[in-house]
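Everything below concerns the one structure shown next.
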Amino acid sequence: MSVGIGVRIGSLVSTLVVASNEPGTPDPIVIVRDTVLYVCSNGEVVLGGGDPPEGTEFVATVSGFVGRVGDPEGIAASDGTRYRAEDVVASAMRGLVRECEPLPTFGGRDGGAPTVVAAYPSMWDGDLVADLRNSLNYAGLNDLSLVSDAEAACAWFESEVAEKPGQLIGSYHVDDAGATVTLVRSGVSSGRSFWFAAGRGSSPTAQLSTALGAFGWLPSNLDAVVVTGDGLVARDDVALRGVADALAGKFGVHVVVGPGPEQAAALGAAILAAGFRSSTRPNKPIGLPPSYDVTEVLTAIRGPLLPPELTAEAAASGAAADETVTPDVVVIEAGASAAAVATVLPEAATAAADPEPVGRDAAVISGGTAAVPSGGTAAVPSGGTAAVPSGGTAAVISGDDDPDSEPGPAGRILLWVLVILAGVALIVAALAVVVL
């Protein structure tokens, strides 16, 4: 039994998940922060807003940086300072991980500290992933592993939904710029991802057929499809349900809209961090819940959120415009009508980091310190879902990296989970001795 930590920095929402790989253990801890970086006057950062550390004030914010990774011009903060976007992403990841610190020295899949796995956009090429890897190393996250969104989302599917391991799964990811299609088999991407810009006119079914044909596969080879979203598009639950229904009707396979739907990758990353291996694991779901109970919609959004070609196909598929939002993962069988999707999302996106200006004149985490925003404490709402919605309350953790310091809310719950696991192990050992 082990515990893993999954991280994903989205264009609007950033997520951290702490989960165990053992069925029957407590629900995963889900921490959500808006993807805007608040820089304080003393160089510290706050992820997702809230109150600045005592004695400081916010002097700048950075947003829209995920899509700028690899851009030599970097990203400009609100005060005009330019940062390397990959450094900002690394700082955002560091800020999320700090909310679980100090991490225990046991409970990981190798017996040491819990492993951390972060998901990155599947359409990134090797150079962009290498840029992020370098920034993570520079930020002190050498032990953090990287996996694509598609591989992470499919790991979630194989853990929680699939009836057998080793399936060929299509990942259909929609964001504000277009759609990314990736084929994953036995937990590993089968090759490059296919990105289709919004407005190209091709339908989701045609895009998935293109990806299958590129590798010589037929539609009959496909076992399932996981539909996920990011950005404003993720809030158009009716259209996403229609896309899923269209794919199910065309290919006759299991189609699932991931929880969130922009958080399936973070959940899958936590599963992988806990030691999940798709090619050997029997089907024992660990009971990952959705991370929200309430849908919050940006009031500034106007008009359709999906590109025209996606909206048209969603309408043609006969998707029911059911306004009810359920916290359960929606599974759409072939030929079934569209059902309510668990697209329960937070408000406008914000996050925080201690980015370094272009040229690396300073450390990514200034002085090794960072502040946990008072954006929310780990709370368990009715229904047993452990969630940290932005806008709640949270303790501020000093950034002195003292291993004896009091853990934050997520850290305390993580320790509680590990204590329960240790107790179960002792009981099993005692029973074995009695039997012998």
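Where a number appears in this text, it was derived from the coordinates with a stated rule and is not lab data. As the structure is a prediction and not an experimental result, all values here were calculated from the model. Quick reminder, even Gly has a Cβ in these numbers, built from the backbone with ideal geometry, and neighbours come from all protein chains shown.
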message: Please report the spacing between the Cα centers of the stretch 23-66 and the stretch 77-144 in Å, no decimals.
response: 14 Å
- prompt: Between Ala214 and Asn142, how many nm apart are label points set 7 Å from Cα along the C-beta direction?
  reply: 3.6 nm
query: Equivalent-ellipsoid semi-axes (√(5λ), Cα gyration tensor) for the stretch 1-85, whole Å, largest first?
result: 31, 18, 9
query: In percent, what relative contact order does the stretch 87-137 have, based on Cα pairs under 8 Å that are 6 or more apart in sequence?
result: 40 percent
- request: List the trypsin sites (Lys or Arg not before Pro) within the stretch 63-166 that fall in a DSSP loop (any state other than H, G, I, E or B) and whose Cβ has at most 15 other Cβ atoms within 10 Å.
  value: none
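Which order, highest average first, do 170-178, 150-158, 263-271 follow once you tally other Cβ atoms within 10 Å for each residue and take the mean per peptide? Don't skip to the end; give the middle numbers.
Details: 170-178: 24.1, 150-158: 29.7, 263-271: 33.7.
Highest-to-lowest ranking by the protection proxy: 263-271, 150-158, 170-178.
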Vicinal HN-Hα couplings computed from phi for the stretch 196-211 (Karplus, 6.51 cos²θ - 1.76 cosθ + 1.60; Hz; Gly/Pro x): 10, 5, 4, x, 6, x, 7, 8, x, 5, 5, 5, 5, 4, 4, 5
